[in-house]
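Engineer: Could you have a look at this structure, given as structure tokens, before my questions?
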Amino acid sequence: MSRDEFALPAFTGAEEMPGLGGPDSTPQAAENISLRSQVMELIDDVLSDPDPAGEWARVQLRKLLASYPDNPERAFLEHLIGTRKHGTGQQSLPGGAGRAPAGRLVIHGTQDPGMTKRIESVLGSRLLLTAFQPIHELTEGRVAGVEALTRFVSSDGADADIWFREADAVGLGLELEIAALQCAVAAGRMVPSHLFVAFNLTPATLIETRVQDLLQNSGLAMDKIVIELRGQATDKQWDWIIRWVKPLRRMGLRVAVDGSGSGFTPAERILSLQPDIIKLDRTFIDGILEGPDPDEPAVVGLAREVGAVLAAEGIETQTELAAVIDAGLTAGQGYLMGRPSVHPLDWSSWVIQPNAGVTVET
């Protein structure tokens, strides 16, 4: 699955954002606890920043909060829009002109200053939220874990993949990925403790010392962490990954790779890493739905050889669910079984109602 299914809705300023604390959202108020708490944390970061260069941002935000006393989400989003329009160059960072958060590198002088400024604004203001999507044990029908997906507080509605591609293009991909992981780890502490949490990381990011420290000091039990490797790796990076995850895997950490789709992991690398989980996307599902095939898909035999669990992504219908179970997959996720959500009450409901949406047609 991509880093996210979607971003927050585009906002024009002419209407209230649905479900974000507006006057008509009272029935959803309890479900918005996580979103509001994350937004309030971002607001506190801006207002508590002592840097004199960020005074204009603090003044602007205070005025907007006074204008929308019952809707801090709208106030903050309008603040972000104003931040992106304010000045040029490094002044777009609410945390101060040119000052990156501790431990983060900001690269200047790229070929697209506007794009760089946009990504730096995200990094400087922590304009990130985390949604989780449930992952089910298919035969049992219960939720076994969740996958962390990134959402951006965005006025243009751009999805997460676009943000990450833009960040890569201007040399800030690593920094944005680490910032997203920090948010996901913090949110992961609110997930029911018996569920595992899967974090998406590119190979280049996984071998960073900062990422290793973050995972080891996450506050999550190591046997409840799954690292989903996304994207391509050089031979050297792959060797580093194998060496680095080895001691953590002894402590319970699990590793997942893509076994289908454009970013699939080659068989020889699967054999060398011996991942715990091989994830199969819509390409695999569409293939098995085309009709009976006397030959078992190669990835199924490969998973059996390395002892990996086969997990399906993007299950949307009961027919697809039945097909992946018949193909030997034992885990899966998709809109049929649960959409991504930022709300802790949703995360709890997946556990309370373990069989919702996963009844196999007979």
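Quick note: the coordinates plus some simple rules give every number you see, no bench work behind them. Bear in mind the structure is a predicted one, so any value in this text is a computation, not a measurement. Ideal geometry is used to build each Cβ from the backbone, glycine not excepted, and the neighbour counts take in all protein chains shown.
Engineer: How high is the FRET efficiency between Thr139 and Asp44 when r is their beta carbon distance and R₀ equals 41 Å, given to the nearest 0.05?
Structural biologist: 0.35
Engineer: Now for a separate question. What is the Rg over Rh value, at two decimals, for the range 231-284, using alpha-carbon atoms and the Kirkwood definition of Rh?
Structural biologist: Expressed as Rg/Rh, it is 0.98.
Engineer: Under a 5 Å amide H to amide H cut-off, with H placed in plane at 1.01 Å, what residues pair with Glu228 once short-range neighbours are removed?
Structural biologist: Residues meeting the criterion, in which the H sits 1.01 Å from N, are Phe199, Asn200, Leu201, Ala256.
Engineer: So, one more: Per residue of the range 165-182, in order, report the coupling 6.51 cos²θ - 1.76 cosθ + 1.60 (Karplus, θ = phi - 60°) as ³J(HN,Hα) in whole Hz, putting x for Gly and Pro.
Structural biologist: Karplus-based 3J(HN,Hα) across the range 165-182 equals 5, 5, 4, 4, 5, 10, x, 10, x, 4, 5, 5, 5, 5, 4, 5, 5, 4 Hz.
Engineer: Can you give the FRET efficiency for Gln318 and Arg250, using 1/(1 + (r/R0)^6), R0 = 25 Å, r = Cβ-Cβ distance, to the nearest 0.05?
Structural biologist: Once the sixth-power term is evaluated, E becomes 0.05.
Engineer: Out of every Cα pair in the range 162-203, what percent are spaced more than 13 Å from each other?
Structural biologist: 58 percent
Engineer: Hey, rough spin-label estimate for Arg189 and Trp56, points 7 angstrom out along Cα→Cβ, what's it come to in nanometres?
Structural biologist: Result for the modelled spin labels: 3.5 nm.
Engineer: To continue, here is another question. Using a 7 Å offset from the Cα along the Cα-to-Cβ direction at both Arg243 and Gln212, what is the distance between the two label points in nm, to one decimal?
Structural biologist: Roughly 0.9 nm, to one decimal.
Engineer: How far apart, in nanometres, would the label points at Val306 and Glu268 be if each is projected 7 angstrom from Cα along the Cα-to-Cβ direction?
Structural biologist: 1.4 nm
Engineer: Going by amide H atoms built from the backbone, whose H comes under 5 Å of the H on Ala312, apart from near neighbours?
Structural biologist: Amide H neighbours of Ala312: Leu280, Ala331, Gly332, Gln333.
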